[in-house]
Amino acid sequence: MSTLAEPQRQMDAHSGLARRIGLFDATMVVMGGIIGAGIFMNPYVVARQVHTPLLIVGAWAVGGVIALLGAFVWAELAAARPDIGGQYAYLRDAYHPLFGFLYGWVLLLVIQTGGMAVVAVTFARYFVELTGWPLPEWAVAVVALALLTIINCAGIKPGAKVQSALTVLKIAAIAALVAAGVAFIVRPHAMVAALQSSNHQLVQSRDSFSDFLAAMVPVLFAFGGWQTANFIAGEIKEPRRNLPRALLLGVLGVVALYVAVNVVCVWVLGASGLAATTTPASAVMRSVWGETGARVIALGIAVSALGFLSQSILTAPRVYFAMAEDGAFFRSVAHVNPRTHVPDVAIVLQSVWTIVIALSGRYEQILNYVTSMDWLFFALTAATVFVFRRRSGAATAQFRTPGHPFTTFLFILAAAAVVINTVYRYPGNTVIGFVILLAGMPVYFIWRRKK
């Protein structure tokens, strides 16, 4: 079975979409999909679950390893099957169209839109804080989503350029935070105090393995997002080469940034101080550079949140578009604007549902049922590598997962552990996600019957 003809076949099958995204923009899509507001907020959530600097930073390091293992798997899938829709297409082709439909179903109703709702509300909070304008947070969130939707409906190129610019600004904000930590570390008295505090907390800790797993929930929520770049494989130039490179470069870059941020947070605030604040990034900047530093990082967080929303609007609607192309969703969602060559109906649909969730959900609830659903499908998607390798026989992709099958199994086990622990610790919130998942089964068969 030839693989070299697939990119052209995809262009013929989805002629309304154009390949206009190069390696740099694709890498920025990967990094932009991961870096949201989570890295600026979730360190304190981790510190409330585990209580020593070693375990706090260790949780982020472990999360980085898991994300890198996932990037290896997605890079192989991208090289072998550069299909529009990414995970949806892998699940559909490896198992059964039902699996692809269920993924797209929960992506729209829970995973992508739930994460976007969290970030939209976060952006609104920081925007109001920075400007001092007496605006309701919900109104700011709605306006931000509407503006980004309009930009992305204008075409894949302007959407990608705005996304790349926002990602560069996000990286600059994280670099400023790390620089603040370095400025703090060079103070001799601060270094001694931090070491004494760390040693005391290490002795006093009674954290369990379950506590560490609970700490991994916000960590993996913050690391999630690399897979969204595969959604737009049909619009990336030379996807077999550029998409795997973008995945690996982007994830490695984010891992380095995230671990550095948490080292800084623990060093400047201490484990107990980190757990005591709900705005760790602002607390670090305020400790080093005063109120000016706090306002700078608040601006960085707002930009980071906006960048994540931009990336989500750029990528995920391609899944709903692919579903509609397959006849597994409303046919109108497969509409491609003849002038801008983007699936405008799918883009608007996702933004509208995100607004509904933003107006009705709470951060903690959304975090838990998004994480459980996201990592359930991570495990299922990673397992497709075994299916595709068995089918292809001796055929090889341009990239193959290092250490397979052991590294792939490790990623699947890690994903399963996250899902199980989330169900155990947050049963009420997690049940919501599974109810929505199961509700998709009769919907699929109804659509199939109509088709």
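Every number here is computed from the coordinates shown, using simple stated rules; none is lab data. Not measured: the values here are computed from a predicted model. Note: ideal-geometry Cβ built from the backbone for every residue, glycine included; neighbour counts use all protein chains shown.
Numbers at a glance
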| read-out | value |
| --- | --- |
| Test for Leu314: is it part of a helix (DSSP H, G or I) and touching a Gly at 6+ places or on another chain (Cβ under 9 Å) | yes |
| Inter-residue pairs, beta-carbon under 6 Å, first crowded, with 24+ Cβ neighbours inside 10 Å and in the stretch 86-97, second assigned to a loop (DSSP other than H, G, I, E, B), 6+ apart | Ala89/Asp83 |
| Residue that is surrounded by 13 or more Cβ atoms within 10 Å (Cβ to Cβ) and without any contact (Cβ under 8 Å) to a residue 40 or more places away in the chain, where the choices are Arg448, Arg400, Arg389 | Arg389 |
| Number of the condition not met by Thr315 [criteria: (1) polar (S, T, N, Q); (2) over 30 Å from Ala379 (Cβ atoms); (3) in contact (Cβ under 8 Å) with a residue 60 or more places away in the chain] | (2) |
